[in-house]
1. Based on DSSP loop calls and a cut-off of at most 13 other Cβ atoms within 10 Å, the longest stretch of the chain free of exposed chymotrypsin sites (Phe, Trp or Tyr not before Pro) is what?
2. So what J values fall out for the stretch 42-48 if you push phi through Karplus, 6.51 cos²θ - 1.76 cosθ + 1.60 with θ = phi - 60°, rounded to Hz, Gly and Pro as x?
3. In whole Å, what three semi-axes, largest first, describe the equivalent ellipsoid of the chain built from its Cα gyration tensor (square root of 5 times each eigenvalue)?
4. Considering only protein heavy atoms and a probe of 1.4 Å, how much of the accessible area of the chain is carbon and sulfur, as a whole percent?
5. Using label points projected 7 Å from each Cα along Cα→Cβ, tell me how many nm separate Arg53 and Ile104, to one decimal.
6. For the chain, what is the accessible area per residue in Å², given a 1.4 Å probe and the full set of protein chains?
7. Taking every eigenvalue of the Cα gyration tensor of the stretch 47-108, multiplying by 5 and rooting it, what semi-axes result, largest first, whole Å?
8. Hey, what number do you get for the chain at 222 nm if only DSSP H runs of n ≥ 4 count, each worth -39500 (n - 2.57), divided across all residues, to the nearest 500?
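The values are calculated or read from the model by the stated rules, or taken from the named source; none is laboratory data. Just so it is clear, the model here is predicted, and its values are computed rather than measured. Note that we place each Cβ from the backbone using ideal geometry, even for glycine, and neighbour counts take in every protein chain shown. When the accessible area is computed, the model is the full protein with side chains, heavy atoms only, and any ligands, DNA or RNA have been set aside. Shrake-Rupley method; radii C 1.70, N 1.55, O 1.52, S 1.80 Å.
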Amino acid sequence: MRLRKFPVTAGSGREYEVEVVRRYAGLGNMGLRFRIYKRESYVSLFGRIKQRRTLMQSDNYWEHQVTNVVERAIALVRRVEEETMSGIEREQSYAEFERWDGRIDANE
């Protein structure tokens, strides 16, 4: 079984694709694989608009560990959002460090 949902819109407005695959994991057990993709549009060499999928997160669970697939997908998208936002904040802190004059005030 393969389930896909696009778009899944996060709180920041970014859109993701969520894929859930149920598969045989051995010894009579079933596994669930969750994958979160980010889709980007780009212009190809000949001027056509195409879509690129970038894997952002991939997690595997035993089927008995997951009671609600929707809640698990929401948690994974939130985790991807947190990682993305921390990366953006880190990049901003590099620019802030470049502007810093090197002084430390007594108030800080």
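1. Details: sites that count: Phe46, Trp100.
Of all site-free stretches, the longest is 47-99.
2. 8, 9, 6, 4, 9, x, 7
3. Working: eigenvalues 264, 102, 26 Å².
Values for the chain, descending: 36, 23, 11 Å.
4. Values: 4150 of 8430 Å².
Roughly 49 percent of what the probe reaches on the chain is carbon or sulfur.
5. 5.0 nm
6. Values: 8430 Å² over 108 residues.
I get 78 Å² per residue for the chain.
7. On the way: eigenvalues 288, 95, 13 Å².
Values for the stretch 47-108, descending: 38, 22, 8 Å.
8. Details: 1 runs with 31 residues, N = 108.
When only DSSP H runs of four or more count, the value is -10500 deg cm²/dmol.
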